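Everything on this sheet refers to the single structure shown next.
The values are calculated or read from the model by the stated rules, or taken from the named source; none is laboratory data. Source: prediction; values computed, not measured. Please note: Cβ atoms are built from the backbone with ideal geometry, for glycine as well, and neighbour counts cover all protein chains shown. The protein model used for the area step is the full one, side chains on, heavy atoms only, and it has no ligands, DNA or RNA in it. Shrake-Rupley method; radii C 1.70, N 1.55, O 1.52, S 1.80 Å.
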Amino acid sequence: MNANEKTLRQAGFSELACQFSRFIARLDGSDDDIIAMTAALVTDAVSQGHVCLNLQQVQGRELLDYPDIDGWKQRLRQSVVVGKEGEYTPLILTDDGRVYLYRYWLDEQHVANAIIKRCQSIELINPQQLKDDFAAWPSQQTGIDWQKIAVLMALTRQFSVISGGPGTGKTTIVLRLLQMLHAQDPSLSIALAAPTGKAAARLQQAISEQGRTSLEAKTLHRLLGINAHNENGRYNSQQPLPVDVLIIDEASMIDISLMAKLMQALPDKARIILLGDSQQLASVESGAVLANLCDYGSHFSATFCQTAQEMTGLSLSVTTDEDNNLRDSIVLLQHSYRFDKESEIGQLAEAVKSGEINTVYDVLNNADIWQQQCDANTIQQYVMQGYQAYFSAIKANKEASVCLQLFEQYRVLSALKQGPQSVTSVNKLIETNLLKQGWKTNQTFYHGRPIMVVKNDYQQRLFNGDVGLLLYNEHGVLQACFLSDTGLRWVALNRLPTHETVFAMTIHKSQGSEFDTVCVLLPEEETALLNRELLYTAVTRAKKKISLFSSDMILHQTVTSQHQRETGLANLLSF
């Protein structure tokens with residue numbers, strides 16, 4: 001171990017970062033330790049969800065000595081392992097001081113170029129039909145009906161982004177959009193997708209309830225043909241997807257690499273519509289594509305405002321004269337149909353999203369949803385009561401669909417995987433209590449055990465984050481039952497991919513899910529993981545009720561902290 005690598009380990013870098021640093025130093029062949037240190041920093045940044053390392057934003061680490069930015073960039077440019085944009089080297093250094101692993105630089109370039117190419121208008125086939133459709137769609141609010149504006153945008157743009165919090169009508173928009181697309185051109189090939197099986201299943205349920213049984217919502221992996229034998233996917237620029245329109249729900253969960261595969265697989269003339277909540281936590285993997293796009297906000301040209309007036313009768317303000325790539329392509333929904341002004345969840349979500357800690361305290365002090373007492377007994381009392389309907393259904397051997405439905409009504413969400421108030425501690429707490437009631441929770445597999453897949457298994461079509469239950473099937477055999485994008489799926493226990501118990505799950509893993517009630521646990525100690533995006537995501541998983549366990553100090557840190565992922569996508573899109 002050389003002196004530089006020893007310093008990196010002492011500074012707390014991961015084994016992966018140290019190994020990559022050693023590899024880069026060997027390729028570099030110079031005696032400049034800054035090359036190895038930069039390689040470790042880039043690896044560390046990617047592991048935290050950043051697409052790149054911004055030299056301007058590098059946070060201090062003990063034992064590391066950072067040079068000034070200009071000197072740092074100059075030394076990097078002298079290395080054979082660091083190239084300019086467009087060169088094929090392990091690391092890429094941009095003019096503005098961002099350092100990328102080549103793969104992520106290329107992914108970001110693909111995404112930006114594909115978006116720019118699609119930022120153009122589409123001529124309506126039947127304007128009068130569209131005008132009639134909007135006239136027949138009654139407004140549910142005074143002022144501007146942003147649902148209508150979003151649908152109009154998606155019908156008239158090749159690339160469009162629709163972002164809004166829970167209850168702002170994204171599902172309604174999808175249903176109206178399908179109806180109006182069909183009215184404009186019945187021959188259009190339309191595909192629906194979402195990043196996870198659960199999100200795809202929810203989308204499928206919504207369209208099936210409206211009689212759209214001919215359409216099937218798929219996971220993005222299934223849509224692209226990504227499997228164990230082909231991680232790049234069946235579809236690409238050489239063999240594009242056979243679609244005219246692609247609608248994607250829960251787009252905040254899409255990382256930069258998956259978005260790159262998706263955009264390359266789209267036919268040149270296909271339109272793509274992204275829906276999601278840009279204020280949620282970004283994807284587990286690197287990138288924050290939806291958040292990057294929505295940072296630009298809604299800006300409309302005079303042309304689009306005139307079209308909106310003619311088609312919908314709504315008057316928009318011209319907000320830009322600039323020829324920006326994303327002009328007329330983004331709508332931020334602003335009205336919640338789920339939470340009114342008196343809703344505690346709605347008020348709390350807005351306050352957390354805005355970082356307004358005093359308003360957060362006002363909401364919590366006026367509602368019976370905040371528990372500052374975070375001892376194990378108090379937590380056990382709350383979580384056991386929360387799952388009571390599910391426990392009763394398991395004891396009564398109810399049908400699988402009933403058990404799944406009841407389990408999905410309540411969930412414990414924790415910021416941490418390990419430690420007090422964590423996923424592990426709560427799962428253990430519940431299983432210990434159930435063991436005393438006669439459940440066989442001391443066994444690896446037992447009737448009623450909820451599980452979550454933690455590793456993709458393309459052959460079984462089970463992916464990281466999918467949730468199921470271990471239940472006896474109609475033949476009395478214990479199997480795993482999942483709600484997939486095609487309905488209930490039973491999987492033999494010996495075919496299950498890596499999984500874990502999921503009475504409690506991390507807030508990160510809860511993205512794309514909704515429950516009637518959630519119990520949110522924040523840790524006792526301060527950690528860099530705590531930020532307002534994390535708490536906002538947890539709060540907005542609840543439809544009816546929420547219980548929050550947190551000390552005053554931790555709550556204050558969480559609401560007043562914000563996590564921004566480093567990417568260069570906004571710069572590439574010219575805003």
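Within the stretch 136-147, how many residues are surrounded by fewer than 21 Cβ atoms within 10 Å (Cβ to Cβ), out of contact with any Asp or Glu (no Cβ under 8 Å at 6 or more places or on another chain) and either more than 23 Å from THR168 (Cβ to Cβ) or of a type outside the set (A, V, I, L, M) (or both)?
Residues flagged as surrounded by fewer than 21 Cβ atoms within 10 Å (Cβ to Cβ), out of contact with any Asp or Glu (no Cβ under 8 Å at 6 or more places or on another chain) and either more than 23 Å from THR168 (Cβ to Cβ) or of a type outside the set (A, V, I, L, M) (or both) within the stretch 136-147 amount to 7.
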Exercise. Mind checking which residues of the stretch 508-529 are more than 17 Å from the chain's Cα centre (by Cα) and either aliphatic (A, V, I, L, M) or surrounded by fewer than 23 Cβ atoms within 10 Å (Cβ to Cβ) (or both)?
Worked result: ASP516, THR517, VAL518, VAL520, LEU521, LEU522, PRO523, GLU524, GLU525, GLU526, THR527, ALA528
Exercise. Among ASP65, ASP44, ASP70, which is open to solvent by 20 Å² or more (accessible area, probe 1.4 Å), under 16 Å from PHE13 (Cα atoms), free of Cβ contacts under 8 Å to residues at least 60 places away in the same chain and assigned to a helix (DSSP H, G or I)?
Worked result: ASP44
Exercise. Within the stretch 123-135, how many residues are among the aliphatic types (A, V, I, L, M) and exposed (fewer than 15 other Cβ atoms within 10 Å of the Cβ)?
Worked result: 2
For this session: Filter the stretch 184-223 down to the residues that are over 16 Å from ILE248 (Cα atoms) and part of a helix (DSSP H, G or I), then identify the one that is most open to solvent (accessible area, probe 1.4 Å).
Result: GLU209
Seminar exercise, completed: Counting only residues in the stretch 290-303 that are within 27 Å of ALA251 (Cα to Cα) and out of contact with any strand residue (DSSP E or B) (no Cβ under 8 Å at 6 or more places or on another chain), the one modelled with the lowest pLDDT is identified as ASP295
Exercise. Here are some conditions: (1) aliphatic (A, V, I, L, M); (2) under 26 Å from LEU470 (Cα atoms); (3) open to solvent by less than 20 Å² (accessible area, probe 1.4 Å). LEU364 meets all but one. Which one does it not meet?
Worked result: (2)
Exercise. Does the stretch 348-365 contain at least one residue that is among the aliphatic types (A, V, I, L, M), over 30 Å from PRO420 (Cβ atoms) and out of contact with any Gly (no Cβ under 6 Å at 6 or more places or on another chain)?
Worked result: no
Exercise. What pairs can you find where one residue is in the stretch 323-339 and farther than 17 Å from THR540 by Cα and acidic (Asp, Glu), the other is outside any loop (DSSP other than H, G, I, E, B) and open to solvent by less than 20 Å² (accessible area, probe 1.4 Å), and their Cβ atoms are less than 6 Å apart, with a gap of 6+ or different chains?
Worked result: ASP328/PHE304
Exercise. Do you know which residues across the stretch 8-27 are surrounded by fewer than 20 Cβ atoms within 10 Å (Cβ to Cβ) and in a helix (DSSP H, G or I)?
Worked result: ARG9, GLN10, GLU15, LEU16, GLN19, ARG22, PHE23, ARG26, LEU27
Seminar exercise, completed: Being out of contact with any strand residue (DSSP E or B) (no Cβ under 7 Å at 6 or more places or on another chain), touching a residue at least 60 places away in the same chain (Cβ under 8 Å) and over 29 Å from PRO450 (Cβ atoms) narrows GLY355, GLY346 down to just GLY355
For this session: Check whether at least one residue in the stretch 144-164 is aliphatic (A, V, I, L, M) and modelled with pLDDT under 95, and report yes or no.
Result: yes
Problem set entry | Qualifying positions in the stretch 426-473 - at pLDDT 90 or above and acidic (Asp, Glu) | GLU431
Exercise. Restricting to the stretch 416-431, what's the tally of residues that are within 15 Å of PRO450 (Cα to Cα) and out of contact with any Lys or Arg (no Cβ under 9 Å at 6 or more places or on another chain)?
Worked result: 5
Problem set entry | So ILE115, is it crowded, with 17+ Cβ neighbours inside 10 Å and more than 30 Å from GLY346 (Cβ to Cβ) | yes
Problem set entry | Hits in the stretch 24-39 - residues which are touching a helix residue (DSSP H, G or I) at 6+ places or on another chain (Cβ under 8 Å), over 15 Å from LEU93 (Cα atoms) and not charged (D, E, K, R) | ALA25
Exercise. So, in the stretch 234-270, of the ones that are in a loop (DSSP other than H, G, I, E, B) and β-branched (Val, Ile, Thr), which residue ends up least open to solvent (accessible area, probe 1.4 Å)?
Worked result: ILE254
For this session: Might you let me know whether the stretch 539-555 holds any residue that is touching a helix residue (DSSP H, G or I) at 6+ places or on another chain (Cβ under 9 Å) and under 24 Å from ALA45 (Cα atoms)?
Result: no
Exercise. Does THR378 fit the bill of being part of a helix (DSSP H, G or I), among the hydroxyl-bearing types (Ser, Thr, Tyr) and either out of contact with any helix residue (DSSP H, G or I) (no Cβ under 7 Å at 6 or more places or on another chain) or surrounded by fewer than 20 Cβ atoms within 10 Å (Cβ to Cβ) (or both)?
Worked result: yes
Seminar exercise, completed: Within the stretch 330-354, the residues that are among the β-branched types (Val, Ile, Thr) and either under 20 Å from LEU535 (Cα atoms) or open to solvent by 70 Å² or more (accessible area, probe 1.4 Å) (or both) are ILE345, VAL352
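Give the number of residues within the stretch 462-491 that are hydroxyl-bearing (Ser, Thr, Tyr) and out of contact with any Gly (no Cβ under 9 Å at 6 or more places or on another chain).
2
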Exercise. Only one of these conditions is not met by LEU555: (1) of a type in the set (A, V, I, L, M, F, W, C); (2) part of a helix (DSSP H, G or I); (3) without any contact (Cβ under 8 Å) to a residue 60 or more places away in the chain. Which number is it?
Worked result: (3)
Exercise. Taking only pairs six or more apart or across chains, which ones have beta-carbon atoms under 6 Å, a first residue in the stretch 457-468 that is under 17 Å from LEU223 (Cβ atoms), and a second residue that is open to solvent by 20 Å² or more (accessible area, probe 1.4 Å) and not in a loop (DSSP other than H, G, I, E, B)?
Worked result: TYR458/ASN227; GLY465/LYS509
